[in-house]
Amino acid sequence: MTDASNAVLYCTATLDGVTAPCVYKPVAGERPLWDFPDGTLAGREVAAYEVSAATGWALVPPTLLREGPHGPGMVQLWVEPDADAPELLDLQDPAGAEPGWLPIVRADVGAGRTALLVHRDDDRLRRLAVLDAVLNNADRKGGHWIPAADGRLYGIDHGVTFNVQGKLRTLLWGWADQPVTAEAQDVLVRLAEALDGDLGARLAPHLTAAELRATRERVGALRLTGRHPAPSADWPSIPWPPV
Ligand SMILES: Nc1ncnc2c1ncn2[C@@H]1O[C@H](COP(=O)(O)OP(=O)(O)O)[C@@H](O)[C@H]1O
Ligand SMILES: [Mg+2]
């Protein structure tokens, strides 16, 4: 175990006889936030994993609530980042995104110059954007996805999710207002059903009834519009700094 000064601890955990590297975030190490009830972030991380699992996209590494050396906390399977994976973010000419890239925002890069922050037009990021819209994720910055050596992309750090108020803060605005894919439509149908059944029951210990209801409503709204959400004018919709 290392880095005990931080709320995130790196450890190994054993489950069903299998030992694997994990991150462990004890509830006791959670920093209080003005807009989320104290002591609930670990449960939100587990809830985000449950939703991801129900999509079939497996975007969130397996995550559990467990008792650890610093008390109960969330334990999540460690994903080894692929150092050779292509960059998913870039700064490009403010005139427009290059082919294969989508614009996020024009940013001041000092000395009176601006650049266009862009993300790749990548199917894995597009799925993550749909998941984040369902989770109401308030913190999808560039350090919160990890490309793994097997070519998969994993989302991490889902402590600030499931608020009843719209708090979607993400870099993944490249598809704003565009129709979701047919695959995502199918996933949203499945999620709506699951939220009324098994998934709803799995989320209930971690979320309030109002948060669960708001999650159903977000899925319902996404199905109705069939479109990726657009940035809100009344909420800082882009995490800054972006990584
Ligand atoms: N499941 C994971 N696999 C690999 N690295 C992780 C994982 N979860 C967190 N990390 C690493 O630990 C850092 C801090 O974790 P994060 O979940 O972002 O915690 P915090 O709440 O402190 O921001 C991440 O930026 C990432 O480098
Ligand atoms: Mg983080």
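The values are calculated or read from the model by the stated rules, or taken from the named source; none is laboratory data. Here the structure is a predicted model, which means the values were calculated and not measured. Cβ coordinates were reconstructed from backbone atoms using ideal geometry, including for glycine residues, and neighbour counts include every protein chain displayed. With ligands, DNA and RNA removed, areas are computed over all heavy atoms of the protein, side chains included. Shrake-Rupley method; radii C 1.70, N 1.55, O 1.52, S 1.80 Å.
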* Asked: With (1) over 11 Å from the mean Cα position of the chain (by Cα); (2) away from ligand 1 (no atom under 16 Å from the Cβ) as the list, and LEU168 as the residue in question, which single condition is left unmet?
  -> (1)
* Does the stretch 33-52 include one or more residues that are open to solvent by 80 Å² or more (accessible area, probe 1.4 Å), in contact with a strand residue (DSSP E or B) (Cβ under 7 Å, 6 or more places away or on another chain) and touching a residue at least 12 places away in the same chain (Cβ under 8 Å)? -> no
* **Single unsatisfied condition, GLY73 versus (1) surrounded by fewer than 18 Cβ atoms within 10 Å (Cβ to Cβ); (2) farther than 21 Å from VAL134 by Cβ; (3) more than 10 Å from ligand 1 (Cβ to nearest atom)** => (1)
* Of the numbered conditions (1) open to solvent by less than 30 Å² (accessible area, probe 1.4 Å); (2) farther than 18 Å from LEU203 by Cα; (3) in a strand (DSSP E or B); (4) within 16 Å of ligand 2 (Cβ to nearest atom), TYR10 fails exactly one; give the number of that condition. => (1)
* State the number of residues belonging to the stretch 142-164 that are charged (D, E, K, R) and more than 9 Å from ligand 1 (Cβ to nearest atom). => 2
* Asked: Among the residues of the stretch 157-179, which ones are closer than 17 Å to HIS119 by Cβ and among the hydrophobic types (A, V, I, L, M, F, W, C)?
  -> LEU168, LEU171, LEU172, TRP173, TRP175, ALA176
* Taking the stretch 79-117, which residues are open to solvent by 50 Å² or more (accessible area, probe 1.4 Å) and in contact with a Phe, Trp or Tyr (Cβ under 7 Å, 6 or more places away or on another chain)? -> ASP90
* Could you say whether any residue in the stretch 157-164 is under 20 Å from ASP186 (Cβ atoms), of a type in the set (Asp, Glu) and either open to solvent by 30 Å² or more (accessible area, probe 1.4 Å) or within 16 Å of ligand 2 (Cβ to nearest atom) (or both)? -> no
* Select from the stretch 196-207 the residues that are free of Cβ contacts under 8 Å to residues at least 60 places away in the same chain and within 20 Å of the chain's Cα centre (by Cα) and write down the one among them that is surrounded by the most Cβ atoms within 10 Å (Cβ to Cβ). => GLY200
